[in-house]
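Step one of this worksheet: look at the structure below.
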């Protein structure tokens, strides 16, 4: 029985994690053309996620998708840079099934390529869950932060550190501040 292509395969966990991390899907590709089912662009205030669906879990389609999509996300990031915005980029190549040993070696080479942006190759596990590979994508795999309630306060510094900072802020030389810190450390150890 032939494997379904990724374009027919939903990745529901991706949508949930991406929106949970503050990403929104963009419907237009570079130059204004519509995105296709194979290329999805997701944006947040700090990054672009490019989700690229690879037609089959084999070397040639993966390599072709990698080359073309690297050029695509490079153009996206360059456009942002030209507008004065420096943001992160994540290229996510989704293959329809778990790679065999030979393809896994190619996957690791792609993921270790440091040009343009971070790269990840995703695939579903036998239970059809994409979560194990999605969690490897830093911006998706981090837990959501809780909402801060009340006033945010800086932590209180130890007395000796506060004293040293006050001395530095009042114009005391760095050498004198260092000597003060040594004296304060000796005083603390004598108290114990």
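The values are calculated or read from the model by the stated rules, or taken from the named source; none is laboratory data. What you see is a predicted model, and the numbers here were worked out from it, not measured in a lab. Glycine gets a Cβ as well: all are built from the backbone with ideal geometry, and neighbour counts include every protein chain shown.
Below, the figures for the structure above:
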read-out	value
Counted residues, region 93-115 - those being surrounded by 15 or more Cβ atoms within 10 Å (Cβ to Cβ) and assigned to a loop (DSSP other than H, G, I, E, B)	4
Count - residues of region 38-92 that are in contact with a strand residue (DSSP E or B) (Cβ under 9 Å, 6 or more places away or on another chain) and not in a helix (DSSP H, G or I)	22
Some residue of region 132-141 being closer than 30 Å to residue 120 by Cβ and at pLDDT below 80	yes
